[in-house]
Structures are given as structure tokens and as C-alpha cells.
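Report on the structure given below.
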Amino acid sequence: MELIDGKKVSQDIKKEIAEKVKEIIGAGGRRPTLAAILVGHDGGSETYVANKIKACEECGFYSRLIRFENDVTEAELLNAIKELNEDGEVDGFIVQLPLPKHISEQKVIEAIDFRKDVDGFHPINVGRMSIGLPCFRSATPAGIMMLLERYNIPTSGARVVVLGRSNIVGKPVATMLMQKGYPGNATVTVCHSATKDLNAICREADIIIAALGQPAFVTADMVKPGAVIIDVGTTRVPDSSKKSGFRLSGDVDFEKVAPLCSYITPVPGGVGPMTITSLMNNTLLAASKAIYK
Ligand code: GUN
């Protein structure tokens with residue numbers, strides 16, 4: 001069994017990005033800039049955004065944080081998005097989700113100029129991804145693809161089982177893995193709450209991507225010996241031995257499953273760091289106009 005070290009891969013890629021930024025600046029170009037809109041003070045969102053800002057520093061990007069309180073109106077938020085769409089110094093931006101209930105996330109996502117949508121959530125980017133056109137790809141699935149690639153994990157003809165059908169992980173990772181090319185050319189099955197014979201389907205899998213948000217859902221009896229396990233789960237579970245009062249739990253029963261696998265991602269330190277790194281990669285692509293002119 002080999003651990004897939006997302007932290008190391010993520011650091012390597014951030015260094016590569018920082019080198020490219022140096023080249024851009026050396027050639028007289030403008031420093032890439034990522035902006036983030038954060039509404040409220042949810043602990044998870046605060047941490048994610050702080051980590052995104054830190055990653056910007058590591059890559060040599062400028063970052064901007066725009067904060068609103070929970071009672072911000074939808075109109076105020078849409079106005080802030082309009083300003084960022086029109087700001088020539090901002091290459092890409094994100095609106096950290098989830099948003100308060102009185103704001104339509106879909107409306108917000110669709111208000112973002114797709115050429116600055118470095119989260120890859122806008123329907124134009126999702127649609128272009130699904131037909132194999134250049135686009136900003138959603139950060140977590142793109143990060144998973146980078147891990148498979150850096151570890152040379154074979155995907156052509158592989159049976160992949162994706163657990164979970166969310167718009168930000170399950171659906172896009174399934175789409176990416178069925179595309180022609182590498183990593184891709186896989187035979188993908190997407191499982192969800194209505195799937196029958198889930199254990200039997202999982203046991204057929206060469207690669208399992210667990211993205212359903214249920215701690216320790218994938219147990220040893222669901223895993224074929226030699227399978228590759230990608231654990232996308234990051235549920236906060238109470239843990240009084242930690243200073244923060246919680247620990248992150250993946251969707252896989254790591255202790256029991258790991259000995260069976262050829263490769264497995266730990267939680268934390270697997271997929272998590274890759275999500276932010278692939279957001280950085282998208283920001284570099286936006287700044288260098290590599291996808292949209
Ligand atoms: N909330 C959880 N994951 C994400 C993400 O990748 N992007 C944004 N904007 N919000 C999130």
C-alpha cells in the first residue's frame with residue numbers, strides 16, 4: 001500500500017506555479033490576482049478562505065478578501081460580483097459557499113463572469129467541461145485528476161466507482177474520468193442514495209472515489225484487494241483530544257481499508273490540499289489567458 005501524499009504534490013505544484021509567476025513578472029507582466037468573497041463567519045469557510053489566501057502568497061499572487069455579514073442582501077452580493085467582473089486587475093474570483101439561505105447560490109454562480117470563474121461552477125464552464133472543451137475545471141475533481149496523474153495510476157479501461165453525485169465533486173469527477181485521454185478513458189459508475197447493491201458494485205471497482213460526506217462509509221468488505229481509494233470526505237467530528245475540539249474524518253474507514261489498497265489518500269493531507277492548489281492553477285490559467293482570451 002502506498003499513501004498518496006496530497007500535501008507534497010500540492011507543495012510541488014505551488015512551487016511550479018510560483019516559478020511561472022516569476023517568469024510572467026520578469027517579462028514585464030502583471031502579478032496574478034485572486035479575489036474571494038466571504039459571507040458570514042462559518043468556521044469551515046473561514047479556514048478554507050484563509051488557506052486560499054495563504055496559498056496565493058506561496059504562489060506569488062495578489063489576493064483580495066471581500067467580506068459581508070450574514071445579513072447581506074442578494075442585491076448587494078450581486079453588485080460586488082459585478083464590480084469584480086469589471087475589475088481589470090482581478091483575474092479570477094470565488095464566492096465561498098455555502099451562502100445564507102436567503103441568497104440563491106445558483107443566481108450568484110451565474111452572475112460570475114465565466115472567464116473569471118476559477119471555481120469552475122458556472123454552467124458555461126460545466127457544460128464546456130462535459131463536452132471536452134477548454135474551461136475552468138472545478139477544483140476538487142481537477143485536484144483528484146492531478147493526483148492520479150502524478151502517481152501514474154492507470155485509468156484507461158479501469159472501473160471507477162464514484163460515491164456521491166454532488167455538482168462540485170461527484171458529477172464532474174465522473175465526467176472527467178470518462179473523457180478520452182489520461183487520466184480518463186475509464187468506465188465510470190456513479191452511486192448515490194438510491195443505488196441498489198452498493199457493496200457489490202464497489203467490490204468491482206479498480207478505483208473508488210468517495211465523496212458523499214459520511215464518515216467511514218467505505219468499509220473493508222466494499223473494497224477489492226489492490227484497489228485505489230480516493231477519499232474526498234472532510235467531515236468535522238467532535239474530538240476532545242484536539243485543540244480545535246474536532247478532527248476531520250474521511251468517508252473511508254482508513255485503518256481497515258488501507259491495508260487492502262494499492263494506493264489510498266489520507267484525510268487530512270490527501271485530496272484536501274489539492275483543491276486549493278488546483279484553484280491556484282486555475283488562477284494562473286486565468287491570468288495568462290490560457291483558456292479564454
Ligand atoms: N465550499 C466548499 N468547497 C468550495 C469550493 O471549492 N469553492 C467555493 N467557492 N466554496 C466551497
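Rule-based calculations on the coordinates, nothing more; no lab input. Note that the coordinates shown come from a computational prediction; the quantities given were computed from them, not determined experimentally. Positions of Cβ are generated from backbone atoms using ideal geometry, with glycine treated the same way; all protein chains shown enter the neighbour counts.
Observations, loosely collected:
- Length-normalised contact order of segment 169-263 in % [C-alpha pairs under 8 Å, at least 6 apart]: 24
- Counting neighbouring Cβ atoms within 10 Å and putting the fewest first, the residues THR73, THR175 line up as THR73, THR175.
- Neighbour-count ranking [beta-carbon atoms within 10 angstrom, fewest first] of LEU260, LEU99: LEU260, LEU99
- For a label point 7 Å along the Cα-to-beta-carbon line of ARG150, residues of segment 13-35 with backbone N under 12 Å: 13-17
- Global geometry of segment 48-102, whether rounded, prolate or oblate, following the gyration tensor of its Cα atoms and the 1.5 cut on a/c: oblate
- Proximal lysines to LYS116, defined as alpha-carbon separation beneath 24 angstrom and excluding residues fewer than eight positions away on the same chain: LYS14, LYS15, LYS20, LYS22, LYS52, LYS54, LYS82, LYS107, LYS171, LYS289, LYS293
- Gyration tensor (alpha-carbon) shape descriptor, segment 199-293, a/c threshold 1.5: oblate
- Separation in nanometres of the label points that stand 7 Å from Cα toward Cβ, at SER288 and TYR182: 2.2
- The calculated FRET efficiency for the pair ILE25 and ARG64, based on their C-beta separation and a Förster distance of 25 Å, comes to about 0.85.
- 20 Å cut-off, amide nitrogen to a point 7 angstrom out along GLU204 Cα→Cβ, residues in segment 230-270: 230
- Highest-fluctuation residue, LEU198, LEU148, LEU279 considered, GNM on the chain with Cα pairs under 10 Å: LEU198
- Degrees separating the helix 43-59 axis from the principal Cα axis of the chain, which is the longest one: 70
- Segment 1-113 shape via C-alpha gyration tensor axes, a/c threshold 1.5: oblate
- In summary, the lysines within cross-link reach of LYS256, defined as a Cα separation below 16 angstrom excluding same-chain residues under 8 places away, comprise LYS224.
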